[in-house]
1. Residues in the range A:130-147 near a label at residue A:183, defined as backbone nitrogen under 18 Å from the 7 Å Cα→Cβ point?
2. Take residue A:241 and residue B:154, extend 7 Å from each Cα along the Cα→Cβ direction, and tell me the distance between the two endpoints in nm.
3. Can you pull a Stokes-Einstein diffusion coefficient for chain A at 25 °C (0.890 mPa s), Rh from Kirkwood over Cα pairs, as a whole number of µm²/s?
4. What FRET efficiency comes out for the pair residue A:143/residue B:118, r = Cβ-Cβ distance, R0 = 51 Å, nearest 0.05?
5. With 10 angstrom as the radius, rank B:211, B:45 by how many other C-beta atoms surround their C-beta, starting from the fewest.
6. Write down, largest first, the equivalent ellipsoid semi-axes of the protein assembly as shown in whole Å, where each equals the square root of 5 times an eigenvalue of the alpha-carbon gyration tensor.
7. Starting from the Cα-Cα distance between residue B:140 and residue B:211, subtract it from 0.36 nm times their residue separation and give me the gain in nm to one decimal.
8. If you rank B:91, A:173 by fewest surrounding Cβ atoms within 10 Å, what's the result?
């Protein structure tokens, strides 16, 4: 009897523990639980838009924007890391309200309810600094990597001629893997978001260069489920406000050292 | 050095989730495994076939796929919004991980327990009957204690595998240690965090090994 009791107590303790830490992990700011939430889905392997900082907090340019937007809409901000491959399921099943994570609009126009684009981005080619690759034509016969289900992959797929010139096209799990493969010489080039590429090169100090010639130009927006246009309109309005009163430029300066935003301009 | 320290503290929180996931899975899957073993040996052909089918599916398909199904199933099959499935502050994400692991491991445990139960000689049942033991007395006082002794090495195997399998929860974005390690390595653009996570897993399993060895020793009272 004693043993059963202690087992039950143990289980109860573990459950409380689980509750406590999931609360810590996911719920930020106000503890008023009756407040409606804005659950923002993001890929936590995606600095500088959304990632884990040294203190274990989820931070990033996009998360800062989202947090400010939630504050202005009087919603409780919840940053929910997701598995990027499953973003559509997470969105459709109502786990998250939106995807806000350097989310490229181009090629996905009809799949989500979008806000206006708030910043620009190029798909660029990253190669080893010592490599002879200087233009897109030099990529002929080379092994090139992209992230799975990324806009880099979409950009390559749109450019049939470029794609066919590659020796091989690899789809990596995340950019870190791709960068490691590039560094170790297993592959010749990585096609990725310029914003992320610059951050990776700067923070890792690795000897890479970015080709001047880009693969595609695109813009980032916030994506909502198609039927959720009401919330989309609210966020859109708030984004315009933030652009007008300079909050957006301020956040952009904090993360990129310059104003890269394009909304309301 | 500063990097390593921040990796350790961050992995610590993920490690806690891993341990909780591990413990809850064991708490649910071992009793469930006993039931599965019972059902698999049932004289009723319907129960026996159903349990056999269940074991076959659980062992025959990838655990990652099962996790995805348990997690997204309620929405795609029944249209239930997953956010409504959470209990209080506990996300359905975490609940789905525990359910997924438990039903998968129950299938393996079930077969291990069955092998143990069936290895008991029939004479023991007959002797117990002669001595006037009831069926449940025979099972709990005579059979089960010996079964536990016999299946312990196989159970240890499964438990150690479970420690490492918890990392599969990253596929439904449960923030356990492996997920955290991947996030840190992306933020710091280095693989150091993944190696530290590996050390954590090994340490955990080392402790599991010591505990299971201790239990085995304690149980070998006839040798």
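Bear in mind these aren't lab numbers, they're just calculated from the coordinates by the rules spelled out. All of these numbers come straight from a predicted model, not from anything done at the bench. Note that we place each Cβ from the backbone using ideal geometry, even for glycine, and neighbour counts take in every protein chain shown.
1. Flagged as within label range: A:130-131, A:145-147.
2. So the label points at residue A:241 and residue B:154 sit 6.4 nm apart.
3. Result for D is 122 µm²/s.
4. 0.40
5. The most exposed by this proxy come first: B:45, B:211.
6. 49, 26, 21
7. Between residue B:140 and residue B:211, full extension yields an extra 23.2 nm.
8. Arranged by neighbour count, lowest to highest, B:91, A:173 become A:173, B:91.
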